[in-house]
Ligand code: PEP
Ligand code: MN
C-alpha cells in the first residue's frame, strides 16, 4: 500500500503517517519525488486504507496490486537516479561500464582501465571473484584482484563495479567496490540480496538466465526492502532454444522494466551475445531501446584472456563502439 502525501503536507504530518505504519506492523519507506512524496507501507501487517486516508496531510491511499512494491512505478513515478561517486545513473547521460571479465593481473587491468577511460567509459568492471561453471576454471584473484581494482580507480578516477558471489564476501568486496554486482547465477540467492542491501552500496543486479522480468523485480525488492534505494537492473540475455548466441538478448525487457519500475536499466551485450562481432549491434539496439547504461567486456588482448575472451572487445573496437553509442544517445536527446 502507498500513501500519497498532499503537496502542502507538513513534516509533522508525515511523521504521524510513518509512525502509524510502524504501529500496524509494516515498514515505512519514503520516496521523495520532485512533485510528490509517497510513503510505502510494506510488509504483511494487516491494514485498512481508511486508517490512513483520514490522517491530516494524506492525499490518497492506493494499494499496489503487483507483487513488487518498492520497485514499482506506483511507489515512485519518477525515474530513480543512482549516484555513484559523481556519476548519475538513470538520468540524461548513458553511463558505460567497461573492462575485463576478470582481473588477471595489475598490468592487464591497468591497461584495460586506461583504454576504457580514454574511450569515455566512466566505470571500470572486472571480476575478482568469478562464478565459473567448472571448478577447474580460473576463479579470480579474490582480494588481490580487489586491490588492483582500487589501484586502477586511484589512477584513472573510474568508479569500480565488481561481483560478490556469497554473503560472506560482501564486507570485503564492499571495502573496495563502488557498486556491488550480483551475478545472473545469484539473482535468487536471497541471503546474498539482503547482505548486499545492508552493505549500503549501490547494487548492479543481473537478470538470471531463467528469470522473468517479474522475478528480477522481486529480487530487486529484496534489496530495496533493506532500505537500500540504489539498485540498477541489468538485462544480460536469457536462455532460449537458440544456440548460435550464448544467450538471447531480451531487448523488450528494457521498455517493459521501464514501464513497471523506476529503477535504471543497464544492458550487458557481452554476456547476452557471447560473440565479439555481435556486441556492437546488441549495444546499438540496447541504447536505442532506452537503456540507461551498458556494461561491456573489454580486454587489452582478448585472445589471451583467462575468461570470456571470445566476447571481449579490444580497445580499438571499444572506442569505435563508443562513438556509435554517443551518436545514438544524441539522436535520443541523451549524451554519453
Ligand atoms: C560477469 O559480468 O562477469 C558475469 C559473470 O556475468 P553474468 O552474471 O551476467 O553471467
Ligand atoms: Mn564475463
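Laboratory data are not the source of any read-out in this text; all were calculated from the coordinates shown. None of the values given here were measured: they were computed from a predicted structure.
How tilted is helix 142-156 with respect to the longest principal axis of the chain? Cα atoms for both, answer in degrees (0 to 90, nearest 10).
It works out to around 90 degrees.
Relative to the first principal axis of the alpha-carbon coordinates of the chain, what is the inclination of helix 276-288, with its axis defined by its Cα atoms, in degrees from 0 to 90 and to the nearest 10?
Taking Cα atoms only, the helix is inclined about 30 degrees.
Based on DSSP, what percent of beta bridges with both residues in the chain are antiparallel, to the nearest 5?
40
Helix 106-119 versus the longest principal axis of the chain: what angle, 0 to 90°, nearest 10, using Cα atoms?
Once rounded, the angle reads 70 degrees.
Where does the chain land at 222 nm, in deg cm²/dmol rounded to the nearest 500, when only DSSP H runs of n ≥ 4 count, each adding -39500 (n - 2.57), divided by all residues?
Theoretical 222 nm ellipticity from helices: -10500 deg cm²/dmol.
Beyond 17 Å, how much of the Cα-Cα pair distribution for segment 53-122 remains, as a whole percent?
66
GNM, the chain, Cα, under 10 Å: largest mean-square fluctuation among 90, 25, 237?
25
For the chain, calculate the relative contact order in percent as a whole number, restricting contacts to Cα pairs under 8 Å that are 6 or more residues apart. It would help to have the intermediate numbers written out before the result.
On the way: 739 pairs, mean separation 54.0, N = 336.
Computed value for the chain: 16 percent relative contact order.
For the chain, modelled as a GNM with alpha-carbon contacts under 10 angstrom, which of 297, 235, 59 fluctuates the most?
Answer for the Gaussian network model of the chain: 59.
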